[in-house]
Amino acid sequence: MSERHQNLAVIGHVDHGKSTLVGRLLYETGSVPEHVIEQHREEAEEKGKGGFEFAYVMDNLAEERERGVTIDIAHQEFTTDEYDFTIVDCPGHRDFVKNMITGASQADNAVLVVAADDGVAPQTQEHVFLARTLGIDELIIGVNKMDVVDYKESTYDDVVDEVTQLLKQVQFNTDDASFIPISAFEGDNIADASDNTPWYSEETLLEALNDLPEPQPPTDAPLRLPIQDVYTISGIGTVPVGRIETGVMNIGDDVSFQPSDVGGEVKTIEMHHEEVPKAEPGDNVGFNVRGIGKDDIRRGDVCGPADEPPSVAETFQAQVVVMQHPSVITAGYTPVFHAHTSQVACTIESIDKKMDPSSGEVAEENPDFIQSGDAAVVTIRPQKPLSIEPSSEIPELGSFAIRDMGQTIAAGKVLDVNE
Ligand code: GDP
């Protein structure tokens, strides 16, 4: 067991090999329980089959998928020499974007799987946009299915070029990306350097995972606790619940709920049905505040210290990346913004700058419109009070997704809040 922990996202186009790779990682790191392997080994020996352990992992993943269980590869765990990895919810899952911005599946780093025989595909683009906008630090790119293209170096190079171009387009620093030719299915360059790719002498996938930078410790930002629900519990009273994103909550603290603009002293804090004197980032808590009734606060409020209350935006400036919009976005467009636990219609009041995708520099001041693939700085006016923070001060409360017509059309980071 390692003390150090990484939340890892495995992203990439459907059928490029994400599940197979996760199965391979579980197998190579010995993260499949011994008794399970043992049982499978006996069965396999009876039937005279080889390759049983990996087959077992794959059977299990396939079975889950057939049953329509949404867990498939998400929430699997494996341990390398350096880190305990948890695979977090993956793009493609229905609630992924929501989970990512509400903190439920904050990934530190990601493995992007790109099939060598297919190259960059629509979801490759979408996921890279998301990873970039929502703050993935490092990307390991597994150019997968090398066995299908006869381990050809030129094919690998073509895919590397194509992905590098995509990364530049979304302004992802290519110094933070490493490429590895792999076969998730055959096991090439996963745990051991493969003889099939003599032209490649750099890291294996496991080495690259071990070399990932350690996730930043939580910021020393003040308490920010977005409220998920508000309950009334007999004997206690009003109990807002939510997950602490930053800071600490102690019994006796003076807190403020914004934008509802009410506050009081914390009387009790409960976690896993037990009373606790204090709670920290990542803790899911229910708590009770003196004098606060059920109708005083609501989902989407953010709780913070009374002397450093969460900011409420009259307007805010943000950098957005448009992922998929059927036409063009102009000033006046009013879609729904999802930020932490709140959903508020917001008007894009002005499009201030369009950025050049390859250089990250300003390409056009005050453009008339933006469309899919564009990155821009925009000014936004929430139609109802919204508590949100500059991403540079409190990253956990500084990102959002924009949804319309049942899908995520853009994601963004808050640059500046005008209260
Ligand atoms: P996902 O949709 O990205 O999770 O893709 P899967 O892991 O389900 O893989 C899709 C198909 O590609 C399956 O039939 C896999 O067996 C196959 N596959 C995945 N990785 C490899 C590989 O490295 N080599 C070969 N030949 N097939 C692969």
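Computed quantities for the displayed model
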{"item": "Residue match in region 155-165 (condition: away from the ligand (no atom under 16 Å from the Cβ) and either within 30 Å of Val255 (Cβ to Cβ) or assigned to a loop (DSSP other than H, G, I, E, B) (or both))", "result": "no"}
{"item": "Criterion violated by Lys354 - all others in (1) among the basic types (Lys, Arg); (2) surrounded by fewer than 16 Cβ atoms within 10 Å (Cβ to Cβ); (3) not in a loop (DSSP other than H, G, I, E, B) satisfied", "result": "(2)"}
{"item": "Residue within region 198-221 that is closer than 22 Å to Leu139 by Cβ, touching a Pro at 6+ places or on another chain (Cβ under 7 Å) and either of a type in the set (Phe, Trp, Tyr) or open to solvent by less than 20 Å² (accessible area, probe 1.4 Å) (or both) present", "result": "yes"}
{"item": "Residue within region 257-274 that is touching a Lys or Arg at 6+ places or on another chain (Cβ under 6 Å), open to solvent by 50 Å² or more (accessible area, probe 1.4 Å) and among the acidic types (Asp, Glu) present", "result": "yes"}
{"item": "Unique residue being touching an Asp or Glu at 6+ places or on another chain (Cβ under 6 Å) and not hydroxyl-bearing (Ser, Thr, Tyr) when the list is Asn173, Asn196, Asn189", "result": "Asn196"}
{"item": "Of all residues in region 20-56 being at pLDDT 85 or above and of a type in the set (Ser, Thr, Tyr), the one that is farthest from Ile140 (Cα to Cα)", "result": "Tyr27"}
{"item": "Filtered residues of region 125-154 (kept if more than 13 Å from the ligand (Cβ to nearest atom), over 20 Å from Ala410 (Cβ atoms) and of a type in the set (A, V, I, L, M, F, W, C))", "result": "Leu139, Ile140, Ile141"}
{"item": "Sole exception among (1) farther than 23 Å from Arg24 by Cα; (2) more than 17 Å from the chain's Cα centre (by Cα); (3) of a type outside the set (Val, Ile, Thr); (4) away from the ligand (no atom under 14 Å from the Cβ) for Pro122, by number", "result": "(4)"}
{"item": "The one condition in (1) under 21 Å from the mean Cα position of the chain (by Cα); (2) touching a residue at least 12 places away in the same chain (Cβ under 8 Å) that Asn173 fails to fulfil", "result": "(2)"}
{"item": "Checking Pro91 against (1) at pLDDT below 90; (2) within 15 Å of the ligand (Cβ to nearest atom); (3) surrounded by fewer than 18 Cβ atoms within 10 Å (Cβ to Cβ), the condition it does not meet", "result": "(3)"}
{"item": "Neighbours by Cβ (under 8 Å, 6+ apart or cross-chain): first from region 317-329, closer than 22 Å to Leu415 by Cβ; second in a loop (DSSP other than H, G, I, E, B) and open to solvent by 60 Å² or more (accessible area, probe 1.4 Å)", "result": "Val322/Gln371; His325/Gln371; Ile329/Phe369; Ile329/Gln371"}
{"item": "Any hit, region 296-309, residues being within 31 Å of the chain's Cα centre (by Cα), surrounded by 21 or more Cβ atoms within 10 Å (Cβ to Cβ), charged (D, E, K, R) and not in a strand (DSSP E or B)", "result": "yes"}
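The values are calculated or read from the model by the stated rules, or taken from the named source; none is laboratory data. Keep in mind that what you see is a predicted model, and the values were worked out from it rather than measured. Neighbour counts run over all protein chains shown; Cβ positions are idealised from the backbone, glycine included. Side chains included, ligands, DNA and RNA excluded: accessible areas come from the protein's heavy atoms. Shrake-Rupley method; radii C 1.70, N 1.55, O 1.52, S 1.80 Å.
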